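Peer 1: To start, I am sharing the structure in question, which I have written as structure tokens.
The values are calculated or read from the model by the stated rules, or taken from the named source; none is laboratory data. Not measured: the values here are computed from a predicted model. All Cβ positions, glycine included, derive from the backbone under ideal geometry; neighbour counts span all protein chains shown. Remember, those area values only see protein heavy atoms, side chains included, never the ligands or the DNA or RNA. Shrake-Rupley method; radii C 1.70, N 1.55, O 1.52, S 1.80 Å.
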Amino acid sequence: MALDRDTAMQVASVLSKGLPYIQRFTGKTVVVKYGGNAMENDDLKSSFARDMVLMKTVGINPIVVHGGGPQIGDLLERLNINARFVNGMRVTDSETMDVVEMVLGGQVNKQIVSLINQHGGTAIGLTGKDANLIRARKLEVVDRSPEVTRTEIIDIGHVGEVESVNTEVINLLTRSNVIPVIAPIGVGRDGTSYNINADLVAGKVAEALDAEKLILLTNVSGLKSKEGKVLTGLKAKQVNDLIEDGTIHGGMLPKIRCALSAVENGVATSHIIDGRVAHATLLEIFTDEGVGTLISRN
């Protein structure tokens, strides 16, 4: 059906306004952490896949790192495996690690790859174990709670942190017009598998690639002031001040620290955006207003 003149003019205007951004970011790398609410709704899944394909089509190199906590929790529950958390991190014994690998490396990863391919892209799924993509080490959790009379290191099993990223593998794929989709599973030097927080993996991948942008999709509208207003256009020092005065606290802290680390280690800007908004990634990259919080280095 043909568009009426007014609608056609609106479409042309939107495309024209996006041109400077396309020109600016062509050839640049954008690492997107995909998870949470954006993964739980069919319309949002499709809009995310279309965003990745469009970005690749106009010459931007998107790298997708995904989570899958709810899906892991569902399967553990069906298998009657009790989930336990320490400081927000899932305690991962060998049995739980098998489920993590099955869900992240199999089910979730392949669903995202399939969606991108259905919308005209060429995506390939990887875990950090493929070609030693993500070299990891065991994460030590230190308990300094008042109840503990001395500092105590808690063993939370197969939970890791990123030691290094094999950028050659990612660059080979992006040069071949492929969108890499990475599950946050790392491998130790002894071959041990590690479950790693997807935000942290995305941040370290962005740092290793000197990415233009790190985009963290969340289930909130962005970083908010104490009055509830979304803050954006922040410098790293301003964000550190907001942590110091308690404006940033609780569950948002790890995400913000990940975004801060990225800009302090070579990434041009970090973005915390609302994954519940259709085409959130495109709106953040190709419009002045965006849909979340932008953080840049000092």
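Peer 1: Quick one: what pairs do we get from segment 266-279, first residue within 18 Å of K224 (Cα to Cα) and at pLDDT 95 or above, second open to solvent by 20 Å² or more (accessible area, probe 1.4 Å) and assigned to a loop (DSSP other than H, G, I, E, B), C-beta under 6 Å, 6+ apart or different chains?
Peer 2: Filtered contacts from segment 266-279: no entries.
Peer 1: Looking at (1) at positive phi; (2) at pLDDT 95 or above, find the lone condition where G191 falls short.
Peer 2: Checking G191 against (1) at positive phi; (2) at pLDDT 95 or above, the one that fails is (2).
Peer 1: Considering only residues that are within 28 Å of V64 (Cα to Cα) and either in contact with a Phe, Trp or Tyr (Cβ under 9 Å, 6 or more places away or on another chain) or hydroxyl-bearing (S, T, Y) (or both), which ones fall in segment 216-243?
Peer 2: Hits for segment 216-243 are L217, T218, S221, T232.
Peer 1: Quick check on E264: is it of a type in the set (D, E) and within 29 Å of G27 (Cα to Cα)?
Peer 2: So E264 passes the test.
Peer 1: Restrict the check to segment 242-264 and report whether at least one residue is farther than 30 Å from A131 by Cβ and among the polar types (S, T, N, Q).
Peer 2: yes
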